[in-house]
Protein chains: 2
Amino acid sequence: MPEKTLQVVPLGGLGEFGMNCLALRYGDDIIVIDAGMMFPDAELFGVDVVVPDFSYLVDNRECVRALVLTHGHEDHIGGVAIFLSQLNVPVYGTALTLALVERRLDEHDLDEKPTLKEVAPGDKVEIGPFAIEFINVTHSIVSTVALAITTPLGVVIHTADFKLDPTPLDNKPFDLHTFAEYGKRGVLLLLSDSTNIDRPGFTESERAVGPRLEDCFHRAEGRLIFSCFSSSIHRLQQILDLAAEHGRKVGFLGRSMLSVTEIAHNLGLLQVPDNILLRPQDIMSSPADKVVVVVSGTQGEPMSAMARVAVDNHKSLSVRPGDMVVLSARMIPGNEKPIYRMINHLARRGSDIVYGSMNPPVHVSGHGSVEELKIILSLVRPRYFMPVHGEYRQLARHAHLAKHVVGSRLQEVFVMESGQTLEIDEHGARRGQTVTVGRVCIDSGSIDEVVEDLVIRDRRHLSEDGFVLPIITISKSTGKNETLPEIVSRGFVSFEEGSDLLRDARQVVSRTLENSSAEERGDWGVMQEKVRADLKRFIAKQTSRRPLIMPVILEV
Amino acid sequence: MPEKTLQVVPLGGLGEFGMNCLALRYGDDIIVIDAGMMFPDAELFGVDVVVPDFSYLVDNRECVRALVLTHGHEDHIGGVAIFLSQLNVPVYGTALTLALVERRLDEHDLDEKPTLKEVAPGDKVEIGPFAIEFINVTHSIVSTVALAITTPLGVVIHTADFKLDPTPLDNKPFDLHTFAEYGKRGVLLLLSDSTNIDRPGFTESERAVGPRLEDCFHRAEGRLIFSCFSSSIHRLQQILDLAAEHGRKVGFLGRSMLSVTEIAHNLGLLQVPDNILLRPQDIMSSPADKVVVVVSGTQGEPMSAMARVAVDNHKSLSVRPGDMVVLSARMIPGNEKPIYRMINHLARRGSDIVYGSMNPPVHVSGHGSVEELKIILSLVRPRYFMPVHGEYRQLARHAHLAKHVVGSRLQEVFVMESGQTLEIDEHGARRGQTVTVGRVCIDSGSIDEVVEDLVIRDRRHLSEDGFVLPIITISKSTGKNETLPEIVSRGFVSFEEGSDLLRDARQVVSRTLENSSAEERGDWGVMQEKVRADLKRFIAKQTSRRPLIMPVILEV
């Protein structure tokens, strides 16, 4: 790397959905913006989360100065624990962001306690050659900050995730003035959120959801059950306020729902009306029309509280006819099938379900639509533009939009995918060499188990412990498997043909199937997760090894 | 079955998406309405199509009098070949519907030539105790008919798939008058399409797409590439007319696109302007701004023409910067990921892509929204209502709507899933016994191979030929697999450990990977399909056996 070159190194989130991570390098100084995770899809069986490969940073560990976080969503902070296990540098973020990071760090044993440095919008910090100003933006999680990073070559603005909410629930507006000021003085490079580039117009304010939630309170005869992201503090605030107004008590279900609401409450970000909380064990004994339950698991994750409620397998809540279930969240692309499966189960319980595409929607996006993206482009009017946070189709469209909006002041746009780098010096900007990127799959144990240490399951690991494929044939009509499940394994030495261990393992799988309800057996997602959890526990106990377990369920 | 009982037996499409099939029985006479297929999702690896289990009909074969088809979509006719291989009864349908059935029958060797009986809207036929009137309705495929079936106990109306298009392109309106007349005289049971129960308001007319397609003609600088369902004759007509108007020639790509347009043209349902057609081999040699290409494969099916164009692997079309690609079709739930993958590939080719949720949409649904469903309920005002065509959540919501709309004239609604039966006699209606239903998976060979005889792969078959799992580890970043692929098999005797055949098979998979482009290797859907096709061909040639092949691709 020649001196006086600014290098932009996207390590995740460009050309893919999630696991956002981007490094800025000037000489021997590197700062990293966000370290997120990606939710694995069905193609990555048996894996809980996916984080970026941090090899580039590890290889340059003496240069890495800090990790700077924009907000507390998992696709921005879900990889922080892994990051810190490899790189012990200070972490900057707002109070809520750091609290959400700490919650996850508590689950892991890090060798050294990390240094967390709290910042607030308006703060400025200097890290090596970088002077960072934190700018308040509006998003579906509170305390989100954009970054204006002054470097020796000019200012780099990273928008974080944002929408232009003119009426945010906490009355802390998007700081357009600071964006305008930087734009006036001149910005070298803009990195802007591309999530909603396909949506025309403006995204509605979070407040627009209020009347629609209220409508649910008017219509519900029995229990009113909401599912939303636990990090949607403003959504939760609206539900709490409406519950107080309508004389209903509120119970929270799901681990993340319980811990995040507590964190937000402690930070003064969530106001909990007096005497409104209901303990999980009191939900079913309270009058149905006096109860609201807020449950985590909007995406149909098989072991989430909501998914278990759907198949009537949750100890604290049983859905009855007359209850209303409201899914107040987007469907993350790829999750449609498990979500619809969950909704079908809830419909079979006789509940009225409000979700997704219904009009008016009970959810608004946290990301700005095209007109909002145009405003940011117009305000910042950068010399170079590099769209972030999106698949290739979205980045390409955002780049096209920038050329259309900014005009001659914009010298060049760069549509980059993770691993492709941008180099800027006094002569201009150009594509640089590519760096190692990739996905590291992590298996942290099913949510119901005692949380175990992280085990990094990358290719090396796979070749050490091998993998195990339990193969189960379930009849779609009867929900039964008639023969003992097959187990196929490779590279996992303990499962020799004819061994007692293999025979016992098949019995374990068989028992899991027997102990599941017909409804559960009809839901391959739940069954995959249950089989995996039980078999993993069995193998770990018997052999102290942790092969990758990928249940294959054949519905016939 | 007691005499004088009307039995309604849904064999597919209730509580699931696709493979619509429903039997009506009175005494010893059964008629069957539609015999559709379901597109398998990723969970059913290695299977091409899924059709209902016709055991109930086969067990009562002496009673089955006819198969009555409502329209020519695959989810209503895709199982006809399998149906006829098990039950040789006359098939009733409109000219286009039967032509589309014949096209598929030509691909299979049936023992006896089936009897196809062409009907037109307004026709009445008597089949045993059933008098069927065919009623013209509007839908995304032309020549769709609803059925009014007069039985000894009263009239049963089956809406087929429909929307209330006030301005259909062929000026053949939805026959509201006949619906009104039956409603006036009294209808025993209504079976109505639930597909769009979640959509508020009215579905737009097919004509609404016209100006949006025209806008694409105005904006496209290079080639204009449309992808839509080959059965959307009206969509194709609009594209052909616009092409003529704008001086562009039209090439069709994809087997179904070529054969369906020919069928529709021969039946006088598609008007092809003079001298407009371009042969596939002439597409690339014609001036880009004088060309329209219509390509099948809207759902990102890995081996479809459009998916191959996306990875630049189609002999007749190569997408270049400046070309515009328009996906003029809905995303079928569950297909979002492969479709977005395809769009990302097309964006990497530098094309401008118009799709899905963009405003204004370049696609309108063929199914009626809530207000249309209400009109049909109001017109028919049946004594009993049983929603069809939908997952449980949709059926339940449609039933709820019916109670709200029809009022006291409606005695009862029945939310049924496939296999649950309804019995009606002079005393009323009630749930009857359940019958055997299920999914039968069919592997008909990849679209690029010479079409082979159908092989029914159900559980029996699986236990005969076993299954084979090629396991490939591809690095996401380098797109390479570093070791020889693993192959795991069960119940397939030819693959013994250490055998030459197994070693050769691993080489086959390895070669498939080597011969694929980096872009293809990055697309697990394409790779699964290619590995499967090559390995299947190899195994069939070497052993004459056809195990179920399910490639497992691990991206690391």
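Counting only protein chains, not ligands or nucleic acids, how are A:K117, A:K124 ordered by accessible area (probe 1.4 Å), most first? Could you put the intermediate results ahead of the total?
Working: A:K117 85, A:K124 150 Å².
Heavy-atom accessible area, descending, gives A:K124, A:K117.
Determine the calculated [θ] at 222 nm for chain B from helices alone, applying -39500 (n - 2.57) to every DSSP H run no shorter than 4 residues and normalising by the residue count; nearest 500 deg cm²/dmol.
On the way: 16 runs with 164 residues, N = 556.
After summing the helix terms and dividing by residue count, I get -8500 deg cm²/dmol.
Only bridges with both residues in the protein assembly as shown count here: give the DSSP antiparallel percent, nearest 5.
The answer is about 50 percent antiparallel.
With both bridge residues required to lie in chain A, what share of the DSSP beta bridges run antiparallel, to the nearest 5%? Working shown, then result.
Details: 48 of 92 bridges.
Looking only at bridges with both residues in chain A, the antiparallel portion is about 50 percent.
With a ≥ b ≥ c taken as the square roots of the eigenvalues of the C-alpha gyration tensor of segment B:93-157, please select rounded if a/c is under 1.5 and otherwise prolate if a/b is larger than b/c or oblate if it is not?
Working: a/c = 2.94, a/b = 1.48, b/c = 1.99.
In terms of gyration-tensor shape, oblate.
Quick one: accessible surface of A:R255, probe radius 1.4 Å, all protein chains present, in square angstrom to the nearest 10.
Its accessible surface works out to 120 Å², give or take rounding.
I need the per residue convex hull volume for segment A:234-287, using only the alpha carbons, in cubic angstrom as a whole number.
So the per-residue hull volume is 80 Å³.
Per residue of A:337-348, count partner chain C-beta atoms within 10 Å of its C-beta, then hand back the mean as an integer.
Details: counts 8, 0, 1, 7, 3, 1, 5, 10, 2, 3, 10, 6.
Average neighbour count from other chains, rounded to a whole number: 5.
For the ranges B:418-424, A:165-171, what's the packing order if you count other beta-carbon atoms within 10 Å of each residue, average per peptide, and put the highest first?
Working: B:418-424: 21.0, A:165-171: 15.3.
The most tightly packed comes first, giving B:418-424, A:165-171.
State to the nearest 20 debye the size of the charge dipole of chain A about its Cα centre, where the only charges are +1 on K and R beta carbons and -1 on D and E beta carbons. If you can, show how the numbers build up before the last one.
Values: 59 positive and 75 negative charges, 181 e Å.
For chain A, the charge dipole is close to 860 debye.
Would you mind giving the mean number of other chain beta-carbons within 10 Å of the Cβ of each residue in B:415-428, as a whole number?
Numbers: counts 3, 0, 2, 2, 2, 0, 0, 0, 0, 0, 0, 0, 0, 0.
What the average comes to for B:415-428 is 1.
For segment A:52-152, I need the span (max minus min coordinate) of the C-alpha atoms along each principal axis, in Å, sorted largest to smallest.
Ordered largest first, segment A:52-152 gives principal extents of 33, 33, 22 Å.
Can you tell me, using C-alpha contacts under 8 Å and at least 6 residues apart, the relative contact order of segment B:206-354 as a whole percent?
Numbers: 262 pairs, mean separation 44.0, N = 149.
Answer for segment B:206-354 is 29 percent.
Among B:G78, B:L100, B:G128, whose Cα lies farthest out toward the positive end of the dipole of segment B:1-141, if unit charges sit on the beta carbon of Lys, Arg (+1) and Asp, Glu (-1)?
Positive-end residue among those listed: B:G128.
So if I restrict to the alpha-carbon atoms in chain A, what is the Rg, and what is Dmax, the biggest pairwise distance, in Å?
Here Rg and the maximum Cα pair distance are 24.5, 74 Å.
When each copy gets a label point 7 Å from Cα toward the beta-carbon at A:T436, what are the spacings between them in nm, shortest first?
Listed shortest first, these distances are 5.7 nm.
Before I look further, what does chain B give for accessible area per residue, probe 1.4 Å, in whole square angstrom? Intermediate results must be reported in sequence, preceding the final value.
Details: 20900 Å² over 556 residues.
For chain B, the solvent-accessible area averages 38 Å² per residue.
Using only C-alpha atoms and all pairs of different ones, pull out the Kirkwood radius for segment B:206-354 in Å with one decimal. Provide the component values of the computation, followed by the final result.
Values: mean 1/r = 0.0662 Å⁻¹.
This gives a value of 15.1 Å.
Ranked from highest to lowest mean number of other Cβ atoms within 10 Å per residue, what is the order of the peptides B:26-37, B:317-328? Numbers along the way, then the final one.
Working: B:26-37: 23.9, B:317-328: 20.3.
The most tightly packed comes first, giving B:26-37, B:317-328.
What is the packing order of peptides B:366-379, B:267-280, taking the mean over residues of other C-beta atoms within 10 Å and listing the highest first? Write down the numbers at each step before the final one.
Numbers: B:366-379: 21.3, B:267-280: 14.0.
Top of the packing list down: B:366-379, B:267-280.
Taking a quarter of the surface of the Cα convex hull of the protein assembly as shown, what do you get in nm²? Don't skip to the end; give the middle numbers.
Working: hull surface 170.9 nm².
Value for the protein assembly as shown: 42.7 nm².
Using a 1.4 Å probe, how large is the accessible area of A:D504, given in Å² and rounded to the nearest 10?
The accessible area of A:D504 comes to roughly 60 Å².
Among the residues of chain B, which one places its Cβ closest to the rotation axis that maps chain B onto chain A, and what is that distance in whole Å?
Nearest Cβ to that rotation axis, in whole Å: B:V488, 2.
Per the 1.4 Å probe, what fraction of the accessible area of the protein assembly as shown, in percent, lies on carbon and sulfur atoms? Spell out each step's value before the answer.
On the way: 19560 of 41780 Å².
It is 47 percent, rounded to a whole number.
Which value, in debye to the nearest 20, describes the size of the charge dipole of the protein assembly as shown about its Cα centre when Lys and Arg Cβ atoms bear +1, Asp and Glu Cβ atoms bear -1, and nothing else is charged? All intermediate terms of the calculation are to be shown ahead of the outcome.
Working: 118 positive and 150 negative charges, 209 e Å.
It works out to roughly 1000 debye.
Between copies, how far apart are the B:D215 label points? List them in nm, one decimal, shortest first, with each point 7 Å from Cα toward Cβ, please?
Taking the point 7 Å beyond Cα along Cα→Cβ, the inter-copy spacings are 2.6 nm.
Any idea what the dipole of segment A:291-417 comes to, in debye rounded to 20, about its Cα centre with Lys/Arg Cβ at +1 and Asp/Glu Cβ at -1?
Numbers: 15 positive and 10 negative charges, 21 e Å.
In total the dipole reaches around 100 debye.
For labels at B:S285 and A:E102 in the simple 7 Å Cα→Cβ model, what's the distance in nm?
With each label point 7 Å from Cα toward Cβ, the separation is 7.3 nm.
Give me the net charge for the shell around B:R381: Cβ to Cβ below 10 angstrom, other residues only, Lys and Arg +1, Asp and Glu -1.
Working: positive: B:K184, B:R383, B:R409; negative: none.
Local charge sum for B:R381: +3.
Suppose R0 equals 35 Å. What FRET efficiency, 1/(1 + (r/R0)^6) with r the Cβ-Cβ distance, do B:D215 and B:N313 give to the nearest 0.05?
Values: r = 30 Å, r/R0 = 0.85.
Efficiency for this residue pair is about 0.75.
Determine the relative contact order of chain A: mean sequence separation of Cα pairs under 8 Å and six or more apart, normalised by residue count, in whole percent.
Working: 1236 pairs, mean separation 87.9, N = 556.
It rounds to 16 percent for chain A.
Label position 7 Å from Cα toward Cβ: report the copy-to-copy distances for A:G201 in nm, one decimal, ordered from shortest.
0.8
Show me the three semi-axes of the equivalent ellipsoid for segment B:342-390, from the C-alpha gyration tensor (sqrt of 5 times each eigenvalue), largest first, rounded to whole Å.
Working: eigenvalues 320, 29, 6 Å².
Ellipsoid semi-axes (Å, largest first): 40, 12, 5.
Averaged across the residues of B:247-255, what count of C-beta atoms belonging to other chains lies within 10 Å of each residue's C-beta? Intermediate results must be reported in sequence, preceding the final value.
Values: counts 0, 0, 0, 0, 0, 0, 0, 0, 0.
Going residue by residue through B:247-255 and averaging, the value is 0.
The values are calculated or read from the model by the stated rules, or taken from the named source; none is laboratory data. Nothing here was measured: the structure is a model prediction, and the numbers come from that model. Neighbour counts are summed over all protein chains in view; Cβ atoms, including those assigned to glycine, are modelled from backbone coordinates with ideal geometry. Ligands, DNA and RNA are stripped out before the accessible areas are found, and what is left, the full protein with its side chains, is counted by its heavy atoms. Shrake-Rupley method; radii C 1.70, N 1.55, O 1.52, S 1.80 Å.
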